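Every read-out reported here was derived from the displayed coordinates using simple, explicitly stated rules and does not represent laboratory data. Keep in mind that what you see is a predicted model, and the values were worked out from it rather than measured. Cβ placement follows ideal geometry from the backbone for every residue including glycine, while neighbour counts extend to all protein chains displayed.
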Amino acid sequence: MRLDAYLAARLGARDLSRSRLQALITAGEVTVDGKVTRPSFRLKGRESVVVRIPPPRPLALQPADIPLPILYQDHDIVVVDKPAGMAVHPAPGSREDTLVHALLHHVHDLSGVGGEERPGIVHRLDKDTSGLLVVAKTDRAHIGLAAQFKAHTTTRRYLALVRGAPPCSAGTWMSMLGRNPRNRLKMASVQKGGRRAVTHYQVLESLPGASLLACVLETGRTHQIRVHSAEAGCPVLNDDVYGGHWRRDLPADPGLQDALEQCCGQLLHASKLGFDHPVSGKRMTFETPLPPDFQHVLDLLRALGARAQVSTRGDP
């Protein structure tokens, strides 16, 4: 067996991914029978394999006094309601004012398992998606939460406003999700090289030219709901990356169009999050309402629908 594969199988429960282990091997932190080797080294059995995990590097990031709704906090975890327009961690194009910068200001004892620029981060939301995130404050909590997300035992429910409606009022979108072969910055359902992605959806409300969906993630792949809904012909409103002509079929109402322009991102909100507390084992569930701009668009669509019904009946 390859050295990196063997270590990933043995140490995966300690939140050491295969890529992380490959980096440790390349950095000389792993020895086989006392010798530094390559990630592709083939083990034959009975070797002595030693892994040294260096302590997290000191953070180079500066805390930022950014408003951040904290819904719950104890010694081990913190649950936040991330606003749309805020990246979770530093990345090209989003080097400042991220969730990590805000956490460093509001929380002073974050886990270092995730690496230098991602303290305590166990899972992510897209920059322009709002909603619930749980962050680890201790290494033990980080490892326990990461194991739950890997095993898909968490509960993650999203609310999405989409164009039109899916073919059925409820169902499951399932595909292998990977990098779009024509645009590496986007994700897509692919024939080879993807990872299993499963989204369960239900239409909660039919609106003029749109639908309000509840989407429950069985897996949590990058851009999963956005890709699945777009490929089903009902892209998330305000999603210019995957939405294409997402304005099509919407009422040509100036107030609605202005409200959409004022939204901070795509109309996708992580409204419910459930998990077992990584230390106590107690099941914890959190819910958060829609952001004001999302709610405003929904209210306008409801009002336009009610007005259309009155007009159809011929009432004065």
Long-range alpha-carbon pairs in region 3-51, meaning those over 15 Å apart, account in percent for 34
Of the candidates 149, 264, 106, the farthest towards the positive dipole end of the chain (Lys/Arg Cβ +1, Asp/Glu Cβ -1, centred on the Cα centre) is 149
Surrounding charge for residue 287, neighbours by C-beta under 11 angstrom, Lys/Arg +1, Asp/Glu -1, total +1
Total charge of the residues flanking residue 41 in space, meaning their Cβ is under 13 Å from its Cβ, with Lys and Arg +1 and Asp and Glu -1, is +2
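Cβ neighbours within 10 Å, averaged per peptide: list 2-11, 167-176, 40-49 in order, most packed at the top. Before the final figure, lay out each step's value.
On the way: 2-11: 17.0, 167-176: 14.0, 40-49: 11.0.
Going from most to least packed, we get 2-11, 167-176, 40-49.
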Listed by chain and number, the lysines with an alpha carbon less than 29 angstrom from that of residue 82, same-chain partners under 8 positions apart left out, are 127, 137, 150, 186, 272, 282
Here the relative contact order (percent) of the chain, from C-alpha pairs under 8 Å and at least 6 apart, is 14
Measuring from its Cα centre, the chain shows a charge dipole (+1 at each Lys and Arg Cβ, -1 at each Asp and Glu Cβ) which, in debye to the nearest 20, is 1800
Cross-link reach from residue 35 to lysines, straight Cα distance under 23 Å and at least 8 residues apart if same chain, gives 44
Checked against the positive end of the charge dipole of the chain (+1 on Cβ of Lys and Arg, -1 on Cβ of Asp and Glu, about the Cα centre), the farthest of 220, 191, 158 is 191
Highest GNM mean-square fluctuation among 247, 163, 20, for the chain with Cα springs under 10 Å, belongs to 20
For residue 5, the net charge from surrounding residues (Cβ-Cβ under 12 Å; K, R +1; D, E -1) works out to +3
As a Kirkwood estimate from alpha-carbon pairs, the chain has a hydrodynamic radius in angstrom of 21.6
Quick calc: nm separation of the 7 Å Cα→Cβ label points for residue 64 and residue 248 -> 3.7
If every Lys and Arg gets +1 and every Asp and Glu gets -1 at its Cβ, then about the Cα centre region 3-51 yields a dipole, in debye to the nearest 20, of 160
